[in-house]
1. With no solvent and one point per C-alpha, what does the Debye sum give as log10 I(q)/I(0) for segment 2-87 at q = 0.10, 0.16 Å⁻¹?
2. Give me the angle, in degrees from 0 to 90, between the Cα long axis of helix 304-322 and the longest principal axis of the Cα atoms of the chain, rounded to the nearest 10.
3. Largest first and in whole Å, give the semi-axes of the chain's equivalent ellipsoid, each being the square root of 5 times a Cα gyration tensor eigenvalue.
4. In nm², what is the average projected area of the convex hull enclosing the Cα atoms of segment 232-292?
5. Which three extents, in angstrom, do the Cα atoms of segment 195-285 have along their principal axes, listed largest first?
6. What FRET efficiency comes out for Asp298 versus Ala136 if R0 is 30 angstrom and r is the Cβ-Cβ distance? Round to the nearest 0.05.
7. Provide the descending list of Cα extents for segment 124-207 along its principal axes, expressed in whole angstroms.
8. Which residues make up the longest stretch of the chain clear of GluC sites (Glu not before Pro) that lie in a DSSP loop with no more than 15 other Cβ atoms within 10 Å, not counting the sites?
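All of the numbers you see were taken from the coordinates with simple rules; none came from a lab. Model, not experiment: these values are computed from the prediction. Note: ideal-geometry Cβ built from the backbone for every residue, glycine included; neighbour counts use all protein chains shown.
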Amino acid sequence: MVTLKLNGKEIQATEGMTVLQAAQNAGVTIPTLCDHPDLEAYGGCRLCVVDIKGWRTPMASCTMPVSEGMDVNTHSPEIEKSRKTILQMLMSDYYDDGYANGQKQETQLMHWVNHYGLDVKTSMSNKPRYQVNSDANPFVWVDLNKCIQCTRCVRACADIQGRFVWNMAERGINTHPVPGIDTDMLDARCESCGACVAYCPTGALDNKMSMGAGVPDKVVLTTCAYCGVGCQLELNVKDNKIIRVTSTEKAPVNGNHLCVKGRYGYDFVHHAERLVKPQVRRYLLEGKKKETNGSAWDWVETDWDTALNITSQKLLKIKNEFGADTIGVLTSAKCLNEENYLMNKFARQVIGTNNIDHCARL
Ligand code: SF4
Ligand code: SF4
Ligand code: FES
């Protein structure tokens with residue numbers, strides 16, 4: 001452990017920690033943008049600067065390791081002025097056509113802009129430099145006019161998703177993220193997990209399906225039903241409809257990470273053609289011979305007892321005529337463990353076959 005002074009108070013921190021981490025542990029909030037606890041420190045935006053006694057210039061606390069006897073001031077008037085200047089510089093190159101049209105976005109950048117009392121409309125650039133919605137990815141909206149070159153997308157895609165889609169191109173004011181060798185995201189092996197969206201602090205990367213959907217009335221924490229991993233996700237609900245799925249670093253299994261299905265595969269929930277009742281072919285309901293065309297082949301809604309009775313009669317007939325091993329059972333990762341256990345009993349003890357498998361193995 002090392003002992004240091006933070007805003008005049010003596011604190012202890014583990015050797016190797018950054019000043020930012022030591023301050024967070026001591027309950028002091030230092031503004032950040034390019035830093036994220038899940039990602040390697042980068043030290044690019046300079047919003048987290050602090051005064052350290054004996055150092056000539058303010059230092060980035062997210063990359064500065066603690067040392068014995070260090071004397072740190074996180075909120076001196078000079079430091080607060082520096083942060084405001086940094087934000088003004090970032091905003092001078094930022095353009096949000098949505099904001100210009102009255103749609104406010106609650107991003108991490110906007111949080112600090114409001115905190116330091118900057119007026120968004122007068123601080124931001126008066127014209128876009130990049131095409132809005134510049135990538136063909138069906139799920140990720142790209143608007144580099146809002147990019148502050150923090151590289152969180154680059155690090156999230158490389159370090160968390162392991163796809164290495166994003167790189168930084170060009171120099172100086174023209175620096176911006178590009179997928180692959182400046183191709184588009186899908187060409188650069190993007191698998192649309194949305195991690196870069198989740199880590200982008202400005203909305204430069206956003207969820208395409210949610211654009212223009214507005215602000216949720218409530219956020220419901222739930223467990224993804226797609227597979228057996230049990231990722232937690234947040235359903236952002238407005239007027240009883242899911243308008244967006246977000247991840248949360250508080251999720252014990254998956255943290256901020258989700259796959260494409262968990263983050264973007266929610267349109268089935270409110271789909272007009274979603275099956276909510278069992279359906280049976282008409283010829284089966286009417287007890288006729290198998291027909292594969294005409295209205296006898298239509299699906300007809302029925303009740304569970306009727307559907308299950310027809311299914312059990314058919315299974316019994318197949319078993320009696322051709323043997324139990326002509327039947328196979330495929331279960332689902334969307335079921336509970338207990339339901340999968342029951343299907344195993346059903347296959348082996350009721351039907352009498354070992355032909356049972358599970359979609360999570362595919
Ligand atoms: S969606 Fe996922 S795979 Fe695609 S660029 Fe973003 S982080 Fe990488
Ligand atoms: S797109 Fe977002 S995450 Fe990527 S560099 Fe720009 S602001 Fe940062
Ligand atoms: S948060 Fe430390 S430099 Fe960006």
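1. Summing over Cα pairs of segment 2-87 leads to -0.21, -0.54.
2. 60
3. Working: eigenvalues 577, 128, 62 Å².
After diagonalising the Cα gyration tensor, the semi-axes are 54, 25, 18 Å.
4. Numbers: hull surface 28.0 nm².
Mean orientational projected area (segment 232-292, Cα hull): 7.0 nm².
5. 57, 31, 21
6. On the way: r = 38 Å, r/R0 = 1.27.
Plugging the Cβ-Cβ distance into 1/(1 + (r/R0)^6) gives 0.20.
7. Per principal axis, max minus min of the Cα coordinates gives 35, 25, 22 Å.
8. Values: sites that count: Glu15, Glu40, Glu68, Glu106, Glu170, Glu191, Glu249, Glu273, Glu286, Glu291.
In short, 292-362.
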